[in-house]
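Take a look at the structure below.
Read-outs: derived from the displayed coordinates by stated rules, not from any lab. It should be emphasised that the depicted structure is a prediction, and the values quoted were computed from it without experimental measurement. Every residue, glycine as well, gets a Cβ built from its backbone with ideal geometry; the counts of neighbours run over all protein chains shown.
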Amino acid sequence: MKRSERIVCLVSYFLNSPYERVQLSYFTDQYKASKSSLSEDLDIVNDMFVKEGIGKLTRITGAMGGVTYEPVFSQKSNEDFIKSLCQKLADPARILPGGYLYMSDLLGDPQTVKKIGRAFVSVFSKVKIDAVVTVETKGIPLAYAVANYLNVPVVIIRRDPKVTEGSSVSINYVSGSSRRIQTMVLSKRNLAENLKVCIIDDFMKAGGTITGMVDLLSEFNAEVVAIGVLAEAEDKYNERVLKNYTSLINVKDVDAKSKKITVNQGSIYKTI
């Protein structure tokens, strides 16, 4: 292979295998090149990743060493993306009866979901995470976007038990916004014990649902090391029960009468 061809292959490999340690000997065998040549190739790839704000390569020497791609994206690109999201959500046409905000089109757009995952991963990259957990249904695409960059599995908490998932653990929790008692269920086979997990959700008011998820995960001795919420909203009637979390968007006010929506950047870069 020519150097240009090797670099293209290396970039493709790393972008599709985040946080996967690979030994240099794998590339020497794959591309029939010397270690010195590949070492120079990796320097070029790393410099390009850093310059473009899409991550870096970490190299560890020794018999158990190797190369790992860490996808860390620039703060400016994330803030520009969040700003564009705020502008889209501020459209009065998104106001639904009851003062709700229409967001389903954003969660159905692959490029938007991918960039949401990038923003969360930029904050959580320094935290050891074994799995990403969400509750059905709208948080699922966001959880997969984050898990794809972290290269970890997704665990989905259900509202109702499924016979196809075997024995499960269920808890009752109080919804922060409606103050109703609801149920969530997690199959025992879906999550091993003593893992470090990240919770991802699409929308939060008082935080009752996420608090319920934390309680359910404690039954698996899981440690919640990060919580990410796409959009948080002010709840005028209930005090927020969740304190430590990262949000991309803060929906300050939805005024159905005046057809005005106030949307700002969330807590994402206030929590670093």
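Report the per residue volume, in Å³, of the convex hull enclosing the C-alpha atoms of the chain.
On the way: hull volume 41.2 nm³, N = 272.
Here the figure is 151 Å³ per residue.
Taking the Cα centre of the chain as origin, work out the dipole magnitude from +1 charges on Lys and Arg Cβ and -1 charges on Asp and Glu Cβ, in debye rounded to 20.
Details: 36 positive and 30 negative charges, 61 e Å.
It works out to roughly 300 debye.
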Pick out, from M64, Y31, C9, the residue whose Cα sits farthest towards the positive end of the charge dipole of the range 3-70, with +1 on the Cβ of Lys and Arg and -1 on the Cβ of Asp and Glu. M64
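Using the Cα atoms as the points, what is the convex hull volume per residue of the range 74-122 in Å³? Write out the running numbers ahead of the final one.
Values: hull volume 3.6 nm³, N = 49.
Convex hull of Cα atoms, per residue: 74 Å³.
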Stretch I181-Y269 to full length: gain in nm at 0.36 nm per residue minus the Cα-Cα span? 28.3 nm
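What's the FRET efficiency of M1 with V241 using the Cβ-Cβ distance as r and R₀ = 45 Å, to the nearest 0.05?
Values: r = 57 Å, r/R0 = 1.26.
Here the calculated transfer efficiency is 0.20.
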Debye, to nearest 20: dipole size of the range 47-161, +1 on Lys, Arg Cβ, -1 on Asp, Glu Cβ: 180
From a point 7 Å beyond the Cα of R59 in the direction of its Cβ, which residues of the range 16-48 have a backbone N at a distance under 16 Å? 21-29, 33-48
When the convex hull of the Cα atoms of the range 3-70 is projected onto a plane and the area is averaged over all directions, what value comes out in nm²? 4.1
Spin-label point model (7 Å from Cα, Cβ direction): what's the K260 to E223 distance in nm? 4.7
If each residue of separation counts as 0.36 nm, what is the full-extension length gain between S17 and R159 once their alpha-carbon separation is subtracted? 47.9 nm
Spacing of the two label points (7 Å from each Cα toward its C-beta) at D253 and Y102, in nm: 2.3
Please compute the alpha carbon radius of gyration of the range 136-231, then divide it by the globular-protein estimate 2.2 N^0.38 Å. Two decimals is fine. 1.03
Tell me the mean residue ellipticity at 222 nm calculated for the chain from its helices only (DSSP H runs of n ≥ 4, each -39500 (n - 2.57), averaged over every residue, nearest 500). -11000 deg cm²/dmol
